[in-house]
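Chemist: Here it is: the structure, laid out below.
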Amino acid sequence: MKQKKHVMREKYLNLLVKNMHRDCIKVITGIRRCGKSYLLFTLFYDYLRENGITDEQIIQIKLDEKKNESLRNPDVLYQYLQEKIADEKKEYYVLLDEAQFAISNKDLQNRDKPLPLYDILNELMHRPNVDVYITGSNSKFLSTDVMTEFRGRGKEIHIQPLVFSEFCNAFEGTTHEAWEQYLFYGGMPALFQEDDDESKLTYLKSLFSEIYLKDIKERYGVRNDSGMEELVNIVASSIGAFTNPQRIANTFKSEGGKAVSEPTITDYLQYLQDSFVIQKAERYDIKGRHYIGTPSKYYFSDIGLRNARLNFRQIERSHIMENIIYNELVYRGYSVDVGVVEANVTENGKSQRRQFEVDFVANKGSERLYIQSALNLDTREKTEQEQNSLIRIPDSFKRIIITEGDMLPWHTEAGSEVIGVERWLLEK
């Protein structure tokens, strides 16, 4: 895969710049290797230097590097920072990478008081000449806890692997060639350094085994390695399908493997979500305006990771496209649910109550979109089938059917917009 230029990640860089010098800690979250360090230590660093900030004013610490292992001790980290920001007349920028490495299992077991790392961040935040930026790969310890601990004085900037528009900007080739690559290998930025299919597969598989699963097992003390490994495979095989811990437990039983309890499966799923490997989409009753609860759908933060996990054995383009659309909606700032519409239908002369699924209900402020993902609309019957749920929604928000390809937008007789996924993903 050839890279024609650097990926600028302009959206995220602009968010960092916008929040400079504000009275808050900037928390950059996302799955490991998605580009957080590049954003902070290359793009943002370059911005600071171009605007007159000296190296002495920029304190950079990568806690996941072996050379900085001693700084994972909060006391040592505190002393180090004290020495670096001693001059009260200077403006300092503290860039702390993979902050969860400064949170020990011992700290987690004693949660009746704030974590030592949070005490350090709190003191830094109260210094008028210090601007703090941290990255992390665990939502439990950073997204949730920081927002709670600092009572609205933490600004989260969640970064994803490359979405398709970012991928295209760095890809050397046509948009369709980029789509075929993206569909298989996803958007982990380091893939541009791999020259052939085998090396891409090896890289993605190693991320799972050597980074994500290893982190989870060590952080949470997971002892049932085979259970966790198989759970990942089950979730990877069922993107776009409803599931819940009970169904997954039944899958373990039906396949003759070692039984894993429903509470353990619930914990494992949460660990994967906390590490940003997967995301959960809840079911939402559109007419009743309430959440239904289980079952839910799970989507991978990067489709290439999912495909590699299954050794590219299950390349169902419809489900993969659905996962990519979900990630794009999250990138655009929407909260995304799976919609359900109940309606009376007449079948064989009898009126029956049925549920119709809307792939995505996407909300952002007062804006709402209803989206169906359909691989193709090659017949009138297929078009009507995809509209079955959309035409039963009792409001006037926009309805979109996204199909594979680069199709120009057009409207059905029922008023739904139809557009090719490649074109939709590249929309501003």
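Chemist: Counting only residues that are of a type outside the set (Val, Ile, Thr), in a strand (DSSP E or B) and surrounded by fewer than 21 Cβ atoms within 10 Å (Cβ to Cβ), how many does segment 338-387 have?
Modeler: 17
Chemist: Any residue in segment 194-205 that is of a type outside the set (S, T, N, Q), more than 17 Å from VAL7 (Cβ to Cβ) and open to solvent by less than 20 Å² (accessible area, probe 1.4 Å)?
Modeler: yes
Chemist: Something else about it: Say whether the condition of being free of Cβ contacts under 8 Å to residues at least 40 places away in the same chain and aliphatic (A, V, I, L, M) is met by at least one residue in segment 351-365.
Modeler: Yes: one or more hits.
Chemist: Go through segment 404-422 and give me each residue that's in contact with a Gly (Cβ under 6 Å, 6 or more places away or on another chain) and in a strand (DSSP E or B).
Modeler: Within segment 404-422, GLY420 is the sole residue that qualifies.
Chemist: Further question: Restricting attention to segment 271-324, which residues are surrounded by 16 or more Cβ atoms within 10 Å (Cβ to Cβ), within 27 Å of GLN181 (Cβ to Cβ) and of a type in the set (A, V, I, L, M, F, W, C)?
Modeler: Correct list: LEU272, PHE276, VAL277, ILE278, ALA281, PHE300, ILE303, LEU305, ALA308, ILE320, MET321, ILE324.
Chemist: With the structure loaded, tell me whether ARG309 is touching a residue at least 40 places away in the same chain (Cβ under 8 Å) and within 14 Å of ILE239 (Cα to Cα) or whether it fails that test.
Modeler: yes
Chemist: Moving on. Restricting attention to segment 236-272, report how many residues are of a type in the set (Lys, Arg) and in contact (Cβ under 8 Å) with a residue 40 or more places away in the chain.
Modeler: Selection size over segment 236-272: 1.
Chemist: A further question on this structure: I'd like the full set of residues that are in contact (Cβ under 8 Å) with a residue 60 or more places away in the chain and within 28 Å of ILE211 (Cβ to Cβ), limited to segment 273-300.
Modeler: GLN273, ASP274, SER275, PHE276, VAL277, ALA281, TYR298, TYR299, PHE300
Chemist: Quick check on segment 391-412: of everything there that is open to solvent by less than 60 Å² (accessible area, probe 1.4 Å) and more than 27 Å from the chain's Cα centre (by Cα), which residue is farthest from ILE286 (Cα to Cα)?
Modeler: THR412
Chemist: If you don't mind, another one. What do you reckon, is ASP225 among the charged types (D, E, K, R) and either open to solvent by 50 Å² or more (accessible area, probe 1.4 Å) or over 20 Å from the mean Cα position of the chain (by Cα) (or both)?
Modeler: When the stated conditions are applied, ASP225 passes them.
Chemist: Exactly one of these conditions fails for GLN160: (1) modelled with pLDDT of 90 or more; (2) assigned to a helix (DSSP H, G or I); (3) within 23 Å of LEU305 (Cα to Cα). Give me its number.
Modeler: Every condition holds for GLN160 apart from (2).
Chemist: Of all residues in segment 243-262, which are touching a helix residue (DSSP H, G or I) at 6+ places or on another chain (Cβ under 8 Å), assigned to a helix (DSSP H, G or I) and not hydrophobic (A, V, I, L, M, F, W, C)?
Modeler: Passing the criteria: PRO245, GLN246, THR251, GLU262.
Chemist: Among the candidates GLU198, GLU149, GLU156, GLU166, which residue alone is closer than 29 Å to HIS21 by Cα and either without any contact (Cβ under 8 Å) to a residue 60 or more places away in the chain or hydroxyl-bearing (Ser, Thr, Tyr) (or both)?
Modeler: After applying the criteria, what remains is GLU149.
Chemist: Testing HIS21 on (1) touching an Asp or Glu at 6+ places or on another chain (Cβ under 9 Å); (2) touching a residue at least 60 places away in the same chain (Cβ under 8 Å); (3) closer than 22 Å to GLY304 by Cβ; (4) surrounded by fewer than 19 Cβ atoms within 10 Å (Cβ to Cβ), one condition comes back false. Which one is that?
Modeler: (3)
Chemist: Quick one: ARG32 ticks every box in (1) open to solvent by 10 Å² or more (accessible area, probe 1.4 Å); (2) closer than 23 Å to PRO161 by Cα; (3) without any contact (Cβ under 8 Å) to a residue 60 or more places away in the chain; (4) not in a helix (DSSP H, G or I) except a single one, so which number is it?
Modeler: Only one criterion in (1) open to solvent by 10 Å² or more (accessible area, probe 1.4 Å); (2) closer than 23 Å to PRO161 by Cα; (3) without any contact (Cβ under 8 Å) to a residue 60 or more places away in the chain; (4) not in a helix (DSSP H, G or I) is unmet by ARG32, namely (3).
Chemist: Now for a different question. Any idea how many residues of segment 325-337 are crowded, with 19+ Cβ neighbours inside 10 Å and part of a strand (DSSP E or B)?
Modeler: 2
Chemist: While we're looking at this one, here's another question. Could you say whether any residue in segment 398-415 is of a type in the set (S, T, N, Q) and touching an Asp or Glu at 6+ places or on another chain (Cβ under 7 Å)?
Modeler: For segment 398-415, residues of a type in the set (S, T, N, Q) and touching an Asp or Glu at 6+ places or on another chain (Cβ under 7 Å): absent.
Chemist: Would you check which residues across segment 163-188 are assigned to a helix (DSSP H, G or I) and either under 11 Å from GLY304 (Cβ atoms) or hydrophobic (A, V, I, L, M, F, W, C) (or both) and list them?
Modeler: The answer is PHE164, PHE167, CYS168, ALA170, ALA178, TRP179, GLN181, TYR182, LEU183, PHE184, TYR185.
Chemist: If I go through segment 73-92 residue by residue, how many of them are acidic (Asp, Glu) and open to solvent by 70 Å² or more (accessible area, probe 1.4 Å)?
Modeler: 3
One line per residue, one yes/no per condition, for (1) surrounded by fewer than 19 Cβ atoms within 10 Å (Cβ to Cβ); (2) out of contact with any Cys (no Cβ under 6 Å at 6 or more places or on another chain); (3) outside any helix (DSSP H, G or I):
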| residue | (1), (2), (3) |
| --- | --- |
| LEU39 | no, yes, no |
| ILE53 | yes, yes, yes |
| GLU56 | yes, yes, no |
| LEU71 | no, yes, no |
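The values are calculated or read from the model by the stated rules, or taken from the named source; none is laboratory data. Predicted model only: the values in this text are computed from it and were never measured. Here Cβ is always computed from backbone atoms with ideal geometry, including for glycine, and neighbour counts include all displayed protein chains. Surface accessibility is based on the protein's heavy atoms, side chains included, excluding ligands, DNA and RNA. Shrake-Rupley method; radii C 1.70, N 1.55, O 1.52, S 1.80 Å.
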